[in-house]
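K.L.:
Got a structure for you, written out below as structure tokens; questions coming shortly.
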Amino acid sequence: MGHIQTENLCREFVNHRKKKDEDGKFLPDEKVSVLEDINIEVEDGEMVCLLGPSGCGKSTLLRIIAGFDKQTSGSILIDGKEITGPSSDNIFVFQHSGLLPWMTVWQNVELGLRNMEEVEEKRVEIQEYIEMVELDGFEDHYPHQLSGGMQRRAELARALAVNPDILIMDEPFSGLDFLTHMKMREEVVNMHQFLGKTILIVTHDIDDALIMGDRVVVFSKRPSQVKMNRKLDFPHPRIVFNKQTELSQLRDELFLMLGVSYAV
Ligand SMILES: Nc1ncnc2c1ncn2[C@@H]1O[C@H](COP(=O)(O)OP(=O)(O)O)[C@@H](O)[C@H]1O
Ligand SMILES: [Mg+2]
């Protein structure tokens, strides 16, 4: 299960002021409202893309959902239960550079399967996840022997091995080159269609949201409110631009040649 509901969720931060006024007294602390009355519902198995200006509170919201931070008021329910702290059992936060450098790809993925006892069963699953992210042949490589994109894919395989109900990804494609970004986006879409997990993704790329999301939620500037919450009920693979011109057909051909099947 992976149903998420926020009810009038607010988060304020207190800015401790270091400046003094004319009389030499410290200025009072300042309250900064970051999230204001956020009401969103994420269905079990839905992939929701969050868009919004930098600093509006997207990462803060993800941290609260993962239980690493706490709201100032309002509530957040996961499968109907209010969350009170980090719940590693059903939520996994996908991190960049989350691989352990002294372990191989295989060992890193194996870490995710900590609750599985049966060795043969474990071996089959690890192989499955590694193949799903197209890293077969690199099982014995250490992270430093992989390109940035391959490292990110290995991290994805590990996230899948944990088999969480909810996968949280905060700008998962940042720092990747354009083609790797597109390939990885395809992989996330395929993985989502295959495994049907609830996924929350923060991205600054509008095309990411249109191509991947079952729903797009747009936040305003701080204090942040939901400006748009729209279901994207379009079949995959999604084509965003009209592909009529000769030049865009050539563009498609080049993308295909470079390993991206569905160029936007
Ligand atoms: N622990 C904190 N203490 C004080 N302010 C914070 C803290 N965490 C985040 N903020 C502030 O909250 C705002 C939203 O931050 P963040 O959630 O990282 O934004 P986004 O991910 O949308 O770019 C920023 O202005 C940031 O400075
Ligand atoms: Mg952020």
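K.L.:
For the range 205-252, which positions are touching an Asp or Glu at 6+ places or on another chain (Cβ under 7 Å) and farther than 19 Å from Gly45 by Cα?
P.N.:
The answer is Pro223, Ser224, Gln225, Val240, Lys243.
K.L.:
Quick one: count up the residues across the range 98-145 that are in a loop (DSSP other than H, G, I, E, B) and in contact (Cβ under 8 Å) with a residue 60 or more places away in the chain. Before the answer, list the steps.
P.N.:
So the first thing to find is which residues in the range 98-145 are in a loop (DSSP other than H, G, I, E, B), and the list is 98-104, 113-118, 133-142.
From the residues that got through so far, the ones that are in contact (Cβ under 8 Å) with a residue 60 or more places away in the chain too are 98.
Here the count works out to 1.
K.L.:
Still on this model: Just checking: which of the strands (runs of 3 or more DSSP E) contained wholly in the range 146-264 hold 3 or more residues that are touching a residue at least 60 places away in the same chain (Cβ under 8 Å), surrounded by 13 or more Cβ atoms within 10 Å (Cβ to Cβ) and touching a Lys or Arg at 6+ places or on another chain (Cβ under 8 Å)?
P.N.:
On the way: elements: 166-170, 198-202, 215-219, 226-231.
Where strands (runs of 3 or more DSSP E) fall fully within the range 146-264 and carry at least 3 residues being touching a residue at least 60 places away in the same chain (Cβ under 8 Å), surrounded by 13 or more Cβ atoms within 10 Å (Cβ to Cβ) and touching a Lys or Arg at 6+ places or on another chain (Cβ under 8 Å), they are 166-170, 215-219.
Table: residues versus (1) among the β-branched types (Val, Ile, Thr); (2) within 15 Å of ligand 1 (Cβ to nearest atom); (3) at pLDDT 90 or above; (4) closer than 29 Å to His192 by Cα.
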position: Asn8; (1), (2), (3), (4): no, no, yes, yes
position: Asn39; (1), (2), (3), (4): no, no, yes, yes
position: Val42; (1), (2), (3), (4): yes, no, yes, yes
position: Leu62; (1), (2), (3), (4): no, yes, yes, yes
position: Asp69; (1), (2), (3), (4): no, yes, yes, yes
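K.L.:
Go through the range 1-54 and report how many residues are loosely packed, with under 11 Cβ neighbours inside 10 Å, without any contact (Cβ under 8 Å) to a residue 12 or more places away in the chain and part of a loop (DSSP other than H, G, I, E, B).
P.N.:
Residues flagged as loosely packed, with under 11 Cβ neighbours inside 10 Å, without any contact (Cβ under 8 Å) to a residue 12 or more places away in the chain and part of a loop (DSSP other than H, G, I, E, B) within the range 1-54 amount to 8.
K.L.:
Could you pull out the residue among Val188, Val226, Val216 that is in contact with a helix residue (DSSP H, G or I) (Cβ under 9 Å, 6 or more places away or on another chain) and either within 16 Å of ligand 1 (Cβ to nearest atom) or not assigned by TED's automatic domain parsing to the domain that holds Gly57 (or both)?
P.N.:
On the way: Val188 fails: either within 16 Å of ligand 1 (Cβ to nearest atom) or not assigned by TED's automatic domain parsing to the domain that holds Gly57 (or both); Val226 fails: in contact with a helix residue (DSSP H, G or I) (Cβ under 9 Å, 6 or more places away or on another chain).
Among Val188, Val226, Val216, only Val216 is in contact with a helix residue (DSSP H, G or I) (Cβ under 9 Å, 6 or more places away or on another chain) and either within 16 Å of ligand 1 (Cβ to nearest atom) or not assigned by TED's automatic domain parsing to the domain that holds Gly57 (or both).
Yes/no matrix, rows are residues, columns are (1) more than 16 Å from ligand 2 (Cβ to nearest atom); (2) touching a helix residue (DSSP H, G or I) at 6+ places or on another chain (Cβ under 7 Å):
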| position | (1), (2) |
| --- | --- |
| Val32 | no, no |
| Met47 | yes, yes |
| Gly55 | no, no |
| Thr60 | no, no |
| Met103 | yes, no |
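The values are calculated or read from the model by the stated rules, or taken from the named source; none is laboratory data. Just so we're clear, the structure is a prediction, and the values are computed from it rather than from any experiment. Every residue, glycine among them, receives a Cβ derived from its backbone with ideal geometry; neighbour counts consider all protein chains shown.
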